[in-house]
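Have a look at the structure below before the remarks.
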Amino acid sequence: MLNTLSVVIPALNEEDGIANIVERVLSVKEPLVQVGVDNLELIVVDDGSTDRTPDIVASYPDVVLVKHPVNKGYGAAIKTGFREAKGNFLAFLDADGTYPPEFFPQLCVPLLEDGADLVIGSRMAGADSEMPLVRRIGNTIFATLVSIISNRRVTDSASGQRVLRNDVLPTLYPLPDGLNFTPVMSTRAMHEHIKVVEVPIPYKERLGRSKLSVVRDGMRFLNTILITALTYNPARIFGLIGTSLIGMGVLSSFWRTIRRSPAKREDSLLVSWFAGLVLSAAGVFIFSVGTLFNYTVSLFHKRPVRQGLFGQPIFEKPLEEYFGWIGSGLAAAGGLLYSLYVWRRWNKPRNEIAPWFVPASSTVLVLTGLQLIASWLLTIVLSELRDRDAKVESDLGNTIY
């Protein structure tokens, strides 16, 4: 089978640099043959340019020109190019000359030799880079976030130069139409069972004004990364938030207890303890909601999603299987605490204990326990619904006629 690399260049008002990048891409035909890629197809998608960009591209007979009548967005242009592509390998890069097309042969090697499905040209993996400091910091934050929530290491989640197999597109789609096309692709790729490899590439800052807004597009990147991750493993994000709140609650209570000053009122200390208890209860609530989301998401994917905050369960069984026992214990502790409080106030009323603290604390414990018990019951139901089709197929397959 002959290997063909289809390179897509989305272009919007790039008349000053489009000729240069087209010629640089066409010049890698021979280096591609040397690594095992037999043919090169170059597709330029003009995304509603109002300058001479499409006319310049049309002057190259070996280039396929596709026009959008109006501007549809960076991601939309790439997807249009992918639909037109005939190659079994797909690639894309920007039209402004910031990414090096001369590295396409090196990016293809992992596809040919290592069985990679997606190869990302990483600007953050050690090669020379002229990326401005603000964008470098932003890309580091986004890459770290994707790595944490997917439990798979990536150094450049927003790189605009990549090579991938055509047959993995159904797994990666849907992808957005805007500049957040690349970070969403990275997030989906990290959560799907496809092999991702990064290859260091140099990067040059473009001449002229960039179309990327650091603040607006940075917030869009963050939003879409989190939303995409939530569609795969919400318990990881909710679990990290919930665990952080529980930790803050415990530390708050212990710190105030250790730093207790005789000059401070007893009621002030109780307020601190209660605040810590509320933070911990909020953390437990968010954590349990995350596990419910995981089971809901698994109904769509029709497979169990990854369990555990760090990729693997901490306990022998998933933690939510213990929610019933934990919830019953918390509810019982809250009820017992309140009963003891009522008994003591009835038999030996004393004023040194603030009357609000014990009832309020017992209420928080009971409600937290009931929340965990309800979550436990819902995970059982959702688990049964998720596994229903598999059990039906198993029963039908074992039927004796």
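None of the figures in this text is laboratory data; all of them are computed from the coordinates on show. Just so it is clear, the model here is predicted, and its values are computed rather than measured. Because the Cβ atoms are built from the backbone with ideal geometry, glycine has one as well, and the counts that use them run over all protein chains shown.
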Worksheet item: What's the local net charge at V64, with K and R +1, D and E -1, over the other residues with C-beta under 13 Å away?
Response: -1
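Which shape class, rounded, prolate or oblate, goes with the range 1-141 when its Cα gyration tensor gives a ≥ b ≥ c as root eigenvalues, a/c under 1.5 marks rounded, and past that a/b bigger than b/c marks prolate?
On the way: a/c = 1.68, a/b = 1.10, b/c = 1.52.
Cα axes put the range 1-141 in the oblate bin.
Near G121, within a Cβ-to-Cβ distance under 10 Å, what is the net charge of the other residues, with Lys and Arg +1 and Asp and Glu -1? Before the final figure, lay out each step's value.
Working: positive: R123, R162; negative: D156, E198.
My count for the surroundings of G121 gives 0.
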Practice prompt. List the residues whose amide H sits under 5 Å from the amide H of Y203, counting only those 5 or more places along or on another chain, with H placed 1.01 Å from N in the peptide plane.
Written response: S129, E130
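Based on the mean of other beta carbon atoms within 10 Å per residue, what is the order of 136-144, 98-106, most packed first? If you can, show how the numbers build up before the last one.
On the way: 136-144: 17.3, 98-106: 20.7.
Going from most to least packed, we get 98-106, 136-144.
For the range 1-124, with only Lys/Arg (+1) and Asp/Glu (-1) charged at the beta-carbon, what is the dipole magnitude about the Cα centre, in debye rounded to 20? Present the calculation step by step, with values, prior to reporting the outcome.
Values: 9 positive and 19 negative charges, 66 e Å.
Roughly 320 debye for the range 1-124.
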